[in-house]
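Below you'll find the structure, written out as structure tokens, and then a few comments.
The values are calculated or read from the model by the stated rules, or taken from the named source; none is laboratory data. Remember, predicted model here, so these are calculated numbers, not experimental data. Reconstructed Cβ throughout: ideal geometry from the backbone, glycine too, with neighbour counts over all protein chains shown.
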Amino acid sequence: MRAWRRVVAVARKDLLLEWRGRDALIPAGSFGLAVLLVLGLVSGGGWEAAPPALWVSLLLAAVVAAGRGADREGEEGTLEALLLYPGSREDLFWGRWLAVCVLLLLLGAGLWGVQVLLFNAPTRGVGVLVLAGLLSAFGLAAVGTLLAALLTHVRAGPLLMPLLFLPATVPVLLAGVRLSEAAASGAPAGPWWGVLAVFDLLFLLVGPALFEVVVEA
Amino acid sequence: MSPWAWVLAAYGCAALLVGGYVWRLWCRYRHVSRVRLGEADG
Amino acid sequence: MRPFAVGATAALLSVGLFLALWVSPPDSYQGEYVRILYVHVPAALAAYGAAAVACGASALYLWRRDLRWDFVGRAGAELAALFSGLTLLTGMLWGKPVWGVWWAWDARLVTTAVLFLLYVGCLLVRDLADDPERGRRLSAAVAVLAFLDVPVVHYSVVWFRTLHQGPSISLQGVKLAPEFLLPLAVNTLAYLALLGVLLAERARLASLEVER
């Protein structure tokens, strides 16, 4: 099998499991909603509070979604089974990554919609938001996939997930907030596309390399 | 609070943290060498 | 070599302490509080040095699988957490009297806090892993990831603060005169020497514990 077909097969398997069980998307989505609600409540729910609330809830939901992936590995040993198949481990990373990307984009779209309703946020600049969402999903999915594999064989792994994930993804949070604000006001985006691009490049290069040593038997 | 109290607090923090780390290293070091000596005797 | 290194470091630290607490004049703007900077700045440099050592040694361990690199990597991770913690504490003790706040969302402070959290995570991963070999591999991966991430975090925080609201209060406004540079240089040298000695001793201890 060629590399990309293996990638697609792994992604398809992950998404199929998710579709049947919905045990990452539903918990992560409802958690994101709860965070959005709480942040809206304490911030008074003005539209200028919307971008930080959106991105904080998305990041926290991503922690839950990626942590669920680690749980599934631990309970069912799916990663061990996949590692027995021939082929490069990098393909496994990219398959996983693709599946997490899809989940994150769904979460982001859902949370964005709710945020518009709850915060009465303007819906201008959707193109900017879509691009920002895509770029941040690429980076977040790379970090999430790597950390989920890393924490599978660590006691209290899901508890360590936020400790490592949130500080590491600070650049995505900051870039996302500023790009959302730029989209709403039509202001220039400044260096934030560059920040997202550098973050993505870094983790898309380092992620697969570290993934290989992390999943070694 | 007098300025020197702040300064001494900062140096105290440094002494406590670094000193505590060195102390821990020293204890573990002694433990390891004691066990090795014990093995040599037995 | 070993007694010499320890002795020289102790001597440097004592000279540094003497220069910092006795010789250095109070600053015209910060007053006596300038003396806190003689711990704060060297500790910050030592923290970043330790993180760089941890990253380099961890990468070499992952490449060569030589246990000695793991000992150095572990020592670097512990010392990065220790010195970044010290940097945060002394930064707060300086900030409260001089800035009037314990904490400012200054890029350097936030970056150091991120460094601290990531290296604490790195140490936790090592201790909580299922078996020691896996712990070495996983924490090495975290050490590499953390160090590469830190520059991106730093610049994103710089831009987040400066491009939106006026530049936050920073050390840059405070110019250091020569009489402050000497104690700072000696203390920096002393802390880097301390870092080197602690790295070597910690790595040695780890190798002794494994031999046992």
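What the table below lists for this structure:
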read-out	value
Flag if A:Val195 is within 30 Å of C:Pro132 (Cβ to Cβ), part of a helix (DSSP H, G or I) and within 7 Å of another protein chain (Cβ to nearest Cβ)	no
From C:Phe4, C:Phe71, C:Phe83, residue being in a helix (DSSP H, G or I), over 27 Å from C:Leu145 (Cα atoms) and either away from every other protein chain (no Cβ under 13 Å) or of a type outside the set (Val, Ile, Thr) (or both)	C:Phe4
The listed residue being under 24 Å from A:Leu173 (Cβ atoms), basic (Lys, Arg) and out of contact with any strand residue (DSSP E or B) (no Cβ under 9 Å at 6 or more places or on another chain), out of C:Arg64, C:Arg74, C:Arg68, C:Arg108	C:Arg108
Top-ranked residue in region A:167-176 [being more than 8 Å from every other protein chain (Cβ to nearest Cβ) and among the aliphatic types (A, V, I, L, M); ranked as surrounded by the most Cβ atoms within 10 Å (Cβ to Cβ)]	A:Val172
Residue match in region A:15-26 (condition: under 14 Å from the mean Cα position of the chain (by Cα), more than 17 Å from A:Gly113 (Cβ to Cβ) and either of a type in the set (A, V, I, L, M) or at pLDDT 90 or above (or both))	yes
Given (1) outside any helix (DSSP H, G or I); (2) closer than 25 Å to C:Phe116 by Cα, index of the condition A:Pro188 fails	(2)
Extreme residue, modelled with the highest pLDDT, among residues of region A:105-160 that are outside any loop (DSSP other than H, G, I, E, B) and hydroxyl-bearing (Ser, Thr, Tyr)	A:Ser136
Total residues in region C:96-118, condition facing another protein chain (nearest Cβ under 10 Å) and not β-branched (Val, Ile, Thr)	7
Test: A:Leu163 is facing another protein chain (nearest Cβ under 8 Å), modelled with pLDDT of 90 or more and either under 19 Å from the mean Cα position of the chain (by Cα) or not in a helix (DSSP H, G or I) (or both)	yes
Residues that are of a type in the set (Val, Ile, Thr) and loosely packed, with under 14 Cβ neighbours inside 10 Å, drawn from region C:3-31	C:Val23
Residues of region A:204-215 satisfying the condition of being within 8 Å of another protein chain (Cβ to nearest Cβ) and either closer than 19 Å to A:Pro167 by Cβ or touching a residue at least 40 places away in the same chain (Cβ under 8 Å) (or both)	A:Val206, A:Leu210, A:Val214
Where A:Trp47 falls short, out of the listed (1) at pLDDT 90 or above; (2) out of contact with any Asp or Glu (no Cβ under 7 Å at 6 or more places or on another chain)	(1)
Search result, residues across region C:99-133 that are charged (D, E, K, R) and either in a helix (DSSP H, G or I) or surrounded by fewer than 20 Cβ atoms within 10 Å (Cβ to Cβ) (or both)	C:Arg108, C:Arg126, C:Asp127, C:Asp130, C:Asp131, C:Glu133
Lone unmet requirement of (1) facing chain A (nearest Cβ under 8 Å); (2) under 19 Å from C:Tyr61 (Cα atoms); (3) without any contact (Cβ under 8 Å) to a residue 24 or more places away in the chain; (4) surrounded by fewer than 21 Cβ atoms within 10 Å (Cβ to Cβ) for C:Leu138	(4)
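Results for (1) closer than 18 Å to A:Gly144 by Cβ; (2) in a helix (DSSP H, G or I), shown as yes or no for each residue.
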residue: A:Arg6; (1), (2): no, yes
residue: A:Lys13; (1), (2): yes, yes
residue: A:Arg20; (1), (2): no, yes
residue: A:Ser30; (1), (2): no, yes
residue: A:Ala53; (1), (2): no, yes
residue: A:Leu60; (1), (2): yes, yes
residue: A:Val64; (1), (2): yes, yes
residue: A:Pro86; (1), (2): no, no
